[in-house]
1. Determine the calculated [θ] at 222 nm for the chain from helices alone, applying -39500 (n - 2.57) to every DSSP H run no shorter than 4 residues and normalising by the residue count; nearest 500 deg cm²/dmol.
2. Taking the simple approach of a point 7 Å from Cα along Cα-to-Cβ for both T200 and A240, what is their distance in nm?
3. Hey, in the GNM for the chain with a 10 angstrom Cα cutoff, which one of I78, I212, I93 fluctuates hardest?
4. Straight-line reach only, C-alpha to C-alpha below 13 angstrom: list the aspartates and glutamates that K121 could link to, leaving out same-chain residues fewer than 8 apart.
5. Amide H to amide H under 5 Å from G157: which residues, 5+ apart in sequence or cross-chain, H placed 1.01 Å off N in plane?
6. Give the order of W139, W172 when sorted by the count of other beta carbons within 10 angstrom, beginning with the fewest.
7. Label-point separation (nm) for T208 and D10, each offset 7 Å from Cα along Cα-to-Cβ?
8. Regarding the range 1-81, what are the three Cα extents along the principal axes, ordered largest first, in Å?
Amino acid sequence: MSLVLMEISDHVSTITLNDPDRRNAINLAMNAELAEVMDEIEDGDVRAIVITGAAPAFCAGADLGELASADRDGLRDIYAGFLRVAHTPLPTIAAVNGAAVGAGFNFAIACDVILAGESAKFDARFLQIGIHPGGGHTWRLQHRVSLQSAKAMVLFGERVSGERAAEIGLAWNCLPDDELLPAAQATAARAAKVPPGLVTRTKATLDTTLAIDESDAAVEHELDPQVWSMQQSAFTELVAQLQAEISTKD
């Protein structure tokens with residue numbers, strides 16, 4: 001059985017973590033398959049990615065046997081799957097259709113946008129199993145929610161529903177489960193209609209702007225990619241068309 005399923009429609013790839021009997025728990029075999037899928041996607045004409053899990057869960061965390069025996073390098077191997085998603089230049093959406101626990105929570109926050117189903121449950125659970133958070137969890141979580149919300153989930157073990165996730169900004173929206181995947185795919189399709197180079201450069205700008213804390217530096221940061229975009233056909237052809245329409249009216 002393939003642990004990672006992938007289908008492509010209209011330049012949108014839907015990736016499904018596919019080990020439902022184990023609630024799609026991350027293991028090294030799944031990570032290896034995911035790496036191959038991501039290589040195929042990035043080498044092809046895919047322009048946006050949706051990631052979900054085979055019901056009834058999104059991802060129940062890391063395989064405990066592999067986790068218990070891991071040293072520093074082993075932990076990095078466990079992280080490799082969701083970090084591969086976190087570092088892709090393509091826009092990504094997590095369609096969280098059930099429990100996202102521990103490393104599975106990391107999988108969700110590795111994506112650019114989270115859409116949560118009503119059945120979604122976000123559960124850090126690191127401390128509750130006696131382990132310090134890893135894989136960049138505390139850093140990514142605080143880029144989503146307030147410090148208080150992050151501490152509530154990590155230190156105090158608060159589990160967050162899909163509805164609550166949308167309220168605190170962890171998710172962009174909460175949807176009925178049967179509407180979740182179609183909505184995620186429709187959202188991804190909007191990004192896929194934009195010229196791919198423009199999307200990837202804009203994502204890179206958004207990801208690096210967080211390190212800027214001054215207005216002039218923010219303006220400077222955007223100048224080169226904006227000038228580049230104005231030289232591309234998507235912009236120049238649109239301007240030419242609008243100018244032609246104006247001259248016709250005159």
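1. Values: 11 runs with 127 residues, N = 250.
Mean residue ellipticity at 222 nm (helix-derived): -15500 deg cm²/dmol.
2. It works out to 2.5 nm between the two label points.
3. Highest fluctuation among the options: I212.
4. Straight-distance partners of K121: E158, E163, D177.
5. Excluding prolines and chain starts, which carry no amide H, there are no hits.
6. Working: W139 11, W172 17.
The order, fewest Cβ neighbours first, is W139, W172.
7. With each label point 7 Å from Cα toward Cβ, the separation is 3.2 nm.
8. Here the spans come out as 41, 28, 19 Å, largest first.
FYI, it's all coordinate maths here, none of it is from the lab. These numbers come from a predicted model, not from an experiment. Glycine also receives a Cβ, built like all others from the backbone with ideal geometry; neighbour counts cover every protein chain displayed.
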